[in-house]
1. Under a point spin-label approximation (7 Å from Cα along Cα-to-Cβ), what is the LYS65-LEU111 distance to one decimal in nm?
2. Of LYS9/LYS187; LYS50/LYS187; LYS10/LYS154, which sit over 29 Å apart, Cα to Cα?
3. Starting from 0.36 nm per residue, how many nanometres of slack lie between ARG12 and ILE45 once their C-alpha separation is accounted for?
4. Could you please rank PHE55, PHE165, PHE142, placing first whichever residue has the fewest other Cβ atoms within 10 Å of its Cβ?
5. May I ask you to derive the relative contact order of region 3-72, considering only C-alpha pairs under 8 Å and at least 6 residues apart, and to give it as an integer percent?
6. In whole angstrom, how far apart do the alpha carbon centroids of region 121-143 and region 170-229 sit?
7. State whether region 3-72 is rounded, prolate or oblate according to the following rule on the C-alpha gyration tensor (a ≥ b ≥ c being the square roots of its eigenvalues): a/c under 1.5 gives rounded; otherwise a/b larger than b/c gives prolate, and the remaining case gives oblate.
8. Please work out how much length the chain gains when fully extended from ASN256 to THR200, using 0.36 nm per residue of separation minus the C-alpha to C-alpha distance, in nm with one decimal.
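Readers should treat all values here as calculations from the given coordinates under stated rules, not as data from a laboratory. Note that this is a predicted model, so its numbers are computed, not measured. Backbone-built Cβ (ideal geometry, glycine too); neighbour counts: all protein chains shown.
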Amino acid sequence: MSIIGKNIKKIRAVKKISQTDFASLFDLSRGSVGSYEEGRAEPKIDAIIKIANRFGLSIDLLLTKELTVNELYKFDIFKEEYASDAIHRMIVQDKDLSKEDTPLVMKDHFLEYVVNNQNKDYINNLPLVRLPNVQHERTRGFEVSDQSMELYGKGLHPGDILSCFPVAESVYADALPEKVYVVVNKKGIFVRRLRKQRTTLVFEADNPSFASLEIAPGDLLELWQVDGFYSICLNPPLLIEERVAILEKRMLELENYVEPTGKAG
């Protein structure tokens, strides 16, 4: 069996796709997929490109490295599916709301929520999750939809659940800079960090690939401050550069804290 054949078989196993269904995704025959997996044939380059693009993998990885199940789950398209399964296991089936149960807005329903956020019947029928250490009676959960608050593999990952409490419209101007908020406006739902307050509120992503948001308080439908999150992802260890930066910062703090007692004479 060739490396790409092994990888195709592993992808099918992780995604729970039959050979027939896999073949239909890429305009192949079921027999061709079987031949790849058994090492009797190799897919053409156009098929390899389609497979790589479909599953968010590099062509180099597909052709040269036998991927493990754990490695596949590190890629977003597999990780998001696993996260979705985990969320569904968290959802409370008994709709009798208790103080431990939190209404959850899932990423697939963001646009529905934007339209219906003032509809009590809609809110009362949101799925419920039971989150640990809920501190506020009006806590609401939001699923993270993208990598805007993820940098170098750390931060908030797609599929994480945020535990949030509402910020009243009357105190938007008192929202705390550097805190993370769920921003609801007519364009959608976004997770961002508050950076500046002027006549508008400026929210920025931790990931520089994502645009910042500059929103007038009157254009906000809702503002939720994040006070906790649930994640199935483990953040990677700090890079050596980050560790050095942290040590340098702490040394500077110590130098500023410890005042010299005298000069050597």
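1. If labels sit at LYS65 and LEU111, their model points lie 3.6 nm apart.
2. Beyond 29 Å between Cα atoms: LYS9/LYS187; LYS50/LYS187.
3. Separation in residues times 0.36 nm, less the Cα-Cα distance, equals 10.0 nm.
4. Ranking PHE55, PHE165, PHE142 by Cβ neighbours within 10 Å, fewest first, gives PHE165, PHE55, PHE142.
5. 43 percent
6. 20 Å
7. Taking the square roots of the gyration eigenvalues as a ≥ b ≥ c, region 3-72 is rounded.
8. Full-extension gain reported as 16.6 nm.
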